[in-house]
Amino acid sequence: MLRRLLPHPLLSIGILLLWLVLARAYTLNSLLFGLLLGVALPLLTAAFLTDLPRVHKPLKALLFFLIVCRDIIVANWEVALLVLGPLHRIEPRFVTVPLSTSDPFIATLVGSVVSLTPGTVTVDIDMEQRLMLVHGLRITDAAGTIAGIKARYEAPLMEIFGC
Amino acid sequence: MLSPIIATAVTITYALLGLAILLTLWRLWKGPATVDRVLALDTLGINIIAVILLIGLALGTRLYLEAALILAMAGFIGTVALGKYLLGGDIIE
Amino acid sequence: MTQVIEITVAVLLVLGGAFIAIGAIALVRMPDFYTRLHGPTKATTLGMGAIIMALILHSVAIDGRLEPGEAAISLFLFITAPVVAHVLAKAAIRTIGRPKI
């Protein structure tokens with residue numbers, strides 16, 4: 001019953017928080033309306049949010065979030081140095097990362113994280129061949145970059161969503 | 001009222017954002033490919049959001065928040081629409 | 001205490017502006033489209049993140065209002081930046097082609 005009413009509890013909580021933040025009023029009124037939106041929007045969009053995997057390990061997810069935040073800051077610093085430094089230091093190239101996951105949602109998350117950590121951009125994901133095309137700004141060791149993406153981002157995400 | 005330290009920081013940030021907008025406009029003007037121009041437009045949108053938020057801070061009002069939010073959404077949808085147009089020619093499939 | 005917060009806000013603001021400027025410099029300096037893509041889609045995201053953290057810190061610690069409405073913009077940009085990069089990179093492959101390596 002509860003599962004039918006709240007198919008995506010985390011999404012509902014996120015919508016409620018977003019509404020409270022945007023309404024900029026912590027009153028009963030906005031709380032009730034936020035709850036209404038949090039229940040109604042996932043139900044209305046249920047038709048195309050069917051196969052979302054569930055978060056099995058919330059603590060691991062939090063840890064992963066912190067690791068990604070740290071990576072974004074560290075890697076941004078490195079890209080800033082590359083941009084401001086001499087141009088011959090960049091070694092742009094494409095690498096193809098084979099994906100272990102068969103879940104499109106997890107693949108999208110991996111691609112997004114790879115794009116957010118500077119120095120690498122996900123160009124395309126092919127779920128049929130399970131390949132991800134990544135462009136890097138300075139790749140000196142292609143095999144190392146691929147192994148790094150798989151070990152640092154894909155493996156933890158697969159563990160978080162339990163598959 | 002802003003404290004002197006923050007007021008100075010706001011002025012410096014205005015200058016940095018102005019520089020960013022000028023450089024982005026140069027890329028928008030220069031191209032060479034259409035994707036370069038679309039990328040420059042997207043960056044310009046984000047730079048302008050930063051300027052709007054900074055104006056809100058300097059004037060001590062939060063009325064500019066919605067403007068920034070709407071610009072973020074419109075910029076994203078515009079960029080994706082232009083990208084889709086370049087990809088296939090059709091925006092609605 | 002207020003002084004420490006003010007300095008933190010000031011540093012975050014200038015840092016954010018600097019990262020946005022670096023993103024724009026990358027847009028001008030880098031040799032081809034794919035390398036240009038790296039600057040704006042990310043340095044800019046972190047730059048906006050720093051500016052928005054400064055704004056939230058200012059409104060919470062100095063004005064004393066817990067209204068982190070700017071966080072919504074930051075969240076939105078962090079979700080959309082990879083999508084923009086992906087769409088534009090794909091469009092570039094279609095229109096100007098892919099370099100050899």
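Filtered by the rule that a residue be more than 7 Å from every other protein chain (Cβ to nearest Cβ), more than 14 Å from A:ILE149 (Cα to Cα) and in contact with a Leu (Cβ under 9 Å, 6 or more places away or on another chain), segment A:82-102 gives A:LEU82, A:ARG89, A:GLU91. The selection criterion, being under 12 Å from the mean Cα position of the chain (by Cα) and either more than 10 Å from chain C (Cβ to nearest Cβ) or under 17 Å from C:LEU46 (Cα atoms) (or both), does not hold for B:LEU71.
Give me a count of the residues in segment B:9-35 that are more than 7 Å from every other protein chain (Cβ to nearest Cβ) and at pLDDT below 90.
Count: 3.
Within segment C:60-101, the set of residues being more than 8 Å from every other protein chain (Cβ to nearest Cβ), small (Gly, Ala, Ser) and part of a helix (DSSP H, G or I) comprises C:ALA61, C:SER74.
Based on what the data block shows, is B:THR11 surrounded by fewer than 18 Cβ atoms within 10 Å (Cβ to Cβ), in a helix (DSSP H, G or I) and polar (S, T, N, Q)?
Yes.
Those strands (runs of 3 or more DSSP E) of segment A:60-163 in which 3 or more residues are surrounded by fewer than 19 Cβ atoms within 10 Å (Cβ to Cβ) and more than 17 Å from the chain's Cα centre (by Cα) occupy A:93-98.
Yes/no matrix, rows are residues, columns are (1) hydroxyl-bearing (Ser, Thr, Tyr); (2) without any contact (Cβ under 8 Å) to a residue 60 or more places away in the chain:
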position: C:LEU13; (1), (2): no, yes
position: C:ASP32; (1), (2): no, no
position: C:THR35; (1), (2): yes, yes
position: C:THR41; (1), (2): yes, yes
position: C:GLY47; (1), (2): no, yes
position: C:ILE56; (1), (2): no, yes
position: C:VAL60; (1), (2): no, yes
position: C:GLY64; (1), (2): no, yes
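Restricting attention to segment B:33-54, the residues being surrounded by fewer than 21 Cβ atoms within 10 Å (Cβ to Cβ) and within 14 Å of C:ILE96 (Cα to Cα) number 3. When restricted to residues that are more than 11 Å from every other protein chain (Cβ to nearest Cβ) and touching a Pro at 6+ places or on another chain (Cβ under 8 Å), segment A:64-77 contains 2. Considering only residues in segment B:36-56 that are more than 7 Å from every other protein chain (Cβ to nearest Cβ) and free of Cβ contacts under 8 Å to residues at least 12 places away in the same chain, the one that is farthest from C:PHE19 (Cα to Cα) turns out to be B:ARG37. For segment A:103-154, the set of residues classified as touching a residue at least 40 places away in the same chain (Cβ under 8 Å), more than 11 Å from every other protein chain (Cβ to nearest Cβ) and of a type in the set (Gly, Ala, Ser) is empty.
Taking the numbered list (1) in contact with a strand residue (DSSP E or B) (Cβ under 6 Å, 6 or more places away or on another chain); (2) surrounded by fewer than 24 Cβ atoms within 10 Å (Cβ to Cβ) in turn, C:VAL60 passes all entries but (1).
The values are calculated or read from the model by the stated rules, or taken from the named source; none is laboratory data. Since this is a predicted model, take the numbers as computed values, not measurements. Using ideal geometry, Cβ is built from the backbone for each residue, glycine included, and neighbour counts are taken over all protein chains shown.
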